[in-house]
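Asks: The structure's right below; bear with me while I get my questions together.
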Amino acid sequence: MYHKEKSIQIKNSASALYNNLSVLRIAPRRLTHFTVVHANMVNMVSASWDGLNYTHRQLQSKEPNVATSTSLIMQAAFCVLPSRDLLVVTSQKGIQMYESDGSIMVYWHALDTPETPTAQAVFARGIAAVYENYICVGVSSGAILVFDVPSKGSNITLSEVLEEHKESITDMASECSGSQECIANLVTADDGGNLCVWKSGEEFQLLNKIPGFDMSCSSVKLWKGTVVAGYGTGQIRLYEAVTGILHAEINAHARWIYSVDIAPFSGLLLSAAEDSLVRVWHMTITPETNSVEVVHLHNECVTDTQICGAKFCDGDGYAFAVTGYDLSEIIRYIQS
Amino acid sequence: MSSRTLPLLFINLGGEMLYILDQRLRAQNIPADKAKKVMNDIITTMFNKKFLEELFKPQELYSKKALRTVFDRLAHASIMRLNQASMDKLYDLMTMAFKYQVLLCPRPKDILLVSFNHMDAIKDFVKDTPSILSQVDETYRQFFFNTNIGEFQLIRQTLLIFFQDMHIRVSIFLKDKVQNSNGRFVLPTSGPVPHGTQVPGLIRIFSCTGEEITRLKFNNGGNYTTALREGSFDIFGDRVTKLGTNMYSVSRPVETHMSGTSKNSAQHTKVSAAPNPLAKEELNLLARLMGGLEVQKPGNTDTDFRINLFATDEEEEEALISRPDELSYGVINIQATKDQQANAELAKIMGEFTESGDQSPSVSNKGDDLLAMMDGL
């Protein structure tokens, strides 16, 4: 179904972090940006579609002052809003927002870090662009920061802080089907596996909470009103977001899942884990009849590699890319 | 990242160090009483109260250089001496072994089981004086008492950043086929799944009322079996996992391969050394930690002896010369002396650290500040 394409070499190896690959497809310029986090750096490579040009760029985490130890980056993700695209980088010290090509930093938000380290780690993790002009970022305390983003310029403001989760945020996602009819448009996940479902607006509204049953959730997506969540136990669960009804449960992987992704136009689902496997599934979701179907389509094994990032490169799922711990390349697969 | 990683790193690396030293002491036919003294001295130093207090404070992970300094000092806590080449090799083996254990832990929480395996073995080394370790058990368990699974994964991820890009080939791993010739560890897609995980291969679809409507099987591409029973987290018990147990014996020599490490490793170890390894903050923490390591007076030359991690002295010399630059730890041998002298030594060493690596001008007064801090103690 898929075959391996030429890999893209990156300047450093990928660190073992959840969702450690972000992809932004820029059709007008016929290129795709990829970002991979290595310790305190983001490796960005822009690949032209004809495979002839690769431009590299490295972004460092912002240090409040040089004398303190380096701030490790937890996640880097592209945020696509109607008016603009931004690259958001979250670290132990705060949140940086760049123009999507990584050229200029447009915003910096510092986290409250204590003078001396405490047993509870401090960091930001979990990034999502939400309808219509919000960027949400999670924090280790469980709080979710909601930023209001103007259509241009750097006048980004913190609009709200959502305090519902009690454990560190792991990932979050906005409704990606493009449908305006969905009531819920954000799902957030935490270390305890708890999921919160929200409706965005001037004041975000909590629509539902789905408990975790002591399984940590590391990666989450929202499509056609259905939450797709990947867990540390290797399970993937599909829940109806607003009601919390469990529609499907997949014993998908033998180790901790690090990434799930959806190709919204085709309903393809991608999952990747520490067990070296990337799996492709197909989901059929009909919200009107409340029916959900999932079938398994394909496996790819990245030998001797704990996978930390896997994303579709386009909305149909024609191609996908994978990163692994200690690997200095982005591996690509395209449909045969 | 996690501020609770240092004790795990220290105890597990320390455990590996003891396994290797024990093997070398036997291989070199060091008299039993001397060998026992060395093991006892090192273990007592590792677990002394003041040192443990510093170790268990929530703090960021040290750089490789800084941690190596701590282990250098530890290895010289007794009448045993090691040349630089042997110390380098010892540290390579320790770190690759623990990297392997961290990578292969089925669940992040299992790193505790690996630690308990190490601690069980250490207890056995000092079984004649068991009181040394009673403190540690309690401290360890209390420290990790309320850590949830997500936090254990964060600890694991922090450790993996510490070990990033290390691909030194260890002959015992190559022989056992747990490491490939390019230095990367083998991750099998077979065997028992972790405790709490189901064997992959099943899709279940439910109705709105919770009934199972469909059950589909799929090919998981591997050869998995159901999970084994969970290892014990108690003071005594069967840990189930073999990770963290002693893999060395007299007949299995300890070798590492320096040449032929994958050509990318040079580039990458340089890059990973770049993040300001000894920021002022870290120096202060390190000084406190080292201050807690009680220093032995140097023994008489007739009781002191040298341990060699290589088969012959010539090999050891050769190893020192041929060690690739990018893999050198840049550590100066520390002579164990009286405390005051040691502190001055320490400050000097810290000052010397500023010469190498990308240090920015604003931290050039590190040495002075540290001396001032020492005076205040």
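The values are calculated or read from the model by the stated rules, or taken from the named source; none is laboratory data. Please read these numbers as outputs of a predicted model, since none were measured by experiment. Cβ placement follows ideal geometry from the backbone for every residue including glycine, while neighbour counts extend to all protein chains displayed. Quick note on the areas: whole protein, heavy atoms, side chains included, nothing else; ligands and nucleic acids left out. Shrake-Rupley method; radii C 1.70, N 1.55, O 1.52, S 1.80 Å.
Asks: I need the full set of residues from region A:165-178 which are under 20 Å from the mean Cα position of the chain (by Cα), surrounded by fewer than 24 Cβ atoms within 10 Å (Cβ to Cβ) and part of a loop (DSSP other than H, G, I, E, B), in order please.
Replies: Once the filter is applied, which keeps residues that are under 20 Å from the mean Cα position of the chain (by Cα), surrounded by fewer than 24 Cβ atoms within 10 Å (Cβ to Cβ) and part of a loop (DSSP other than H, G, I, E, B), region A:165-178 yields A:Glu167, A:Cys176, A:Ser177, A:Gly178.
Asks: A follow-up question, please. Are any residues in region A:244-274 closer than 17 Å to B:Phe218 by Cβ, at the interface with chain B (Cβ under 8 Å from one of its Cβ atoms) and open to solvent by less than 10 Å² (accessible area, probe 1.4 Å), and if so, which ones?
Replies: Of everything in region A:244-274, those that are closer than 17 Å to B:Phe218 by Cβ, at the interface with chain B (Cβ under 8 Å from one of its Cβ atoms) and open to solvent by less than 10 Å² (accessible area, probe 1.4 Å) turn out to be A:Ala248, A:Ile250, A:Ala252, A:His253, A:Ala254.
Asks: Could you please find all residues in region B:119-152 being loosely packed, with under 15 Cβ neighbours inside 10 Å, within 14 Å of chain A (Cβ to nearest Cβ) and among the polar types (S, T, N, Q)?
Replies: Those that are loosely packed, with under 15 Cβ neighbours inside 10 Å, within 14 Å of chain A (Cβ to nearest Cβ) and among the polar types (S, T, N, Q): B:Gln142, B:Asn146.
Asks: Which ones in region A:179-231 are part of a loop (DSSP other than H, G, I, E, B), in contact with a Phe, Trp or Tyr (Cβ under 8 Å, 6 or more places away or on another chain), surrounded by 23 or more Cβ atoms within 10 Å (Cβ to Cβ) and within 14 Å of another protein chain (Cβ to nearest Cβ)?
Replies: Of everything in region A:179-231, those that are part of a loop (DSSP other than H, G, I, E, B), in contact with a Phe, Trp or Tyr (Cβ under 8 Å, 6 or more places away or on another chain), surrounded by 23 or more Cβ atoms within 10 Å (Cβ to Cβ) and within 14 Å of another protein chain (Cβ to nearest Cβ) turn out to be A:Gly193, A:Ser216.
Asks: Go through region B:202-233 and report how many residues are exposed (fewer than 11 other Cβ atoms within 10 Å of the Cβ) and assigned to a loop (DSSP other than H, G, I, E, B).
Replies: 6
Asks: Determine which single condition A:Gly51 fails, assuming it passes every other condition in (1) open to solvent by 20 Å² or more (accessible area, probe 1.4 Å); (2) under 22 Å from A:Ile156 (Cβ atoms).
Replies: (2)
Asks: Would you mind finding the one in B:Ile79, B:Ile11 that is away from chain A (no Cβ under 14 Å), aliphatic (A, V, I, L, M) and under 26 Å from A:Val122 (Cα atoms)?
Replies: Among B:Ile79, B:Ile11, only B:Ile11 is away from chain A (no Cβ under 14 Å), aliphatic (A, V, I, L, M) and under 26 Å from A:Val122 (Cα atoms).
Asks: Test A:Val278 against the stated conditions and say whether it is at pLDDT 95 or above and in a strand (DSSP E or B).
Replies: yes
Asks: From B:Asn223, B:Asn180, grab the single residue that is farther than 26 Å from A:Thr170 by Cβ and facing another protein chain (nearest Cβ under 7 Å).
Replies: Answer to the selection: B:Asn180.
Asks: Restricting attention to region B:153-175, report how many residues are open to solvent by 10 Å² or more (accessible area, probe 1.4 Å), part of a helix (DSSP H, G or I) and either within 24 Å of A:Cys308 (Cβ to Cβ) or at the interface with another protein chain (Cβ under 7 Å from one of its Cβ atoms) (or both).
Replies: Residues flagged as open to solvent by 10 Å² or more (accessible area, probe 1.4 Å), part of a helix (DSSP H, G or I) and either within 24 Å of A:Cys308 (Cβ to Cβ) or at the interface with another protein chain (Cβ under 7 Å from one of its Cβ atoms) (or both) within region B:153-175 amount to 3.
Asks: So which of A:Lys221, A:Lys209 ends up being over 22 Å from A:Ala77 (Cα atoms) and in contact (Cβ under 8 Å) with a residue 40 or more places away in the chain?
Replies: Result of the check over A:Lys221, A:Lys209: A:Lys209.
Asks: Scan region A:243-269 for residues that are aliphatic (A, V, I, L, M) and over 21 Å from the mean Cα position of the chain (by Cα) and report the count.
Replies: 4
Asks: Looking only at region A:299-318, how many residues end up being surrounded by 19 or more Cβ atoms within 10 Å (Cβ to Cβ) and either more than 14 Å from chain B (Cβ to nearest Cβ) or assigned to a strand (DSSP E or B) (or both)?
Replies: Residues in region A:299-318 being surrounded by 19 or more Cβ atoms within 10 Å (Cβ to Cβ) and either more than 14 Å from chain B (Cβ to nearest Cβ) or assigned to a strand (DSSP E or B) (or both): 9 in total.
Asks: Shifting gears a bit: If A:Tyr325 satisfies every condition in (1) crowded, with 21+ Cβ neighbours inside 10 Å; (2) touching an Asp or Glu at 6+ places or on another chain (Cβ under 7 Å) but one, which is the exception?
Replies: Of the numbered conditions (1) crowded, with 21+ Cβ neighbours inside 10 Å; (2) touching an Asp or Glu at 6+ places or on another chain (Cβ under 7 Å), the odd one out for A:Tyr325 is (2).
Asks: If you go through region A:115-140, how many residues are open to solvent by 70 Å² or more (accessible area, probe 1.4 Å) and within 14 Å of chain B (Cβ to nearest Cβ)?
Replies: Result for region A:115-140: 3.
Asks: Provide a single number: the residues in region A:282-298 that are more than 9 Å from every other protein chain (Cβ to nearest Cβ) and not in a strand (DSSP E or B).
Replies: Matching residues across region A:282-298 total 3.
Asks: If you take the residues of region B:176-194 that are buried (at least 17 other Cβ atoms within 10 Å of the Cβ) and in contact with an Asp or Glu (Cβ under 6 Å, 6 or more places away or on another chain), which of them is farthest from A:Arg255 (Cα to Cα)?
Replies: Selected residue: B:Arg184.
Asks: If you go through region A:232-243 one residue at a time, do you hit one that is more than 13 Å from every other protein chain (Cβ to nearest Cβ), assigned to a strand (DSSP E or B) and either open to solvent by 10 Å² or more (accessible area, probe 1.4 Å) or more than 16 Å from B:Gly221 (Cβ to Cβ) (or both)?
Replies: no
Asks: Sort through A:Asn20, A:Asn40, A:Asn12 and tell me the only one that's open to solvent by less than 10 Å² (accessible area, probe 1.4 Å), within 24 Å of A:Glu175 (Cβ to Cβ) and within 12 Å of chain B (Cβ to nearest Cβ).
Replies: Unique residue meeting the criteria: A:Asn20.
Asks: Among the listed residues A:Asp112, A:Asp101, which satisfies the condition of being at pLDDT below 95, surrounded by fewer than 19 Cβ atoms within 10 Å (Cβ to Cβ) and over 19 Å from the mean Cα position of the chain (by Cα)?
Replies: Every option except A:Asp112 fails the conditions.
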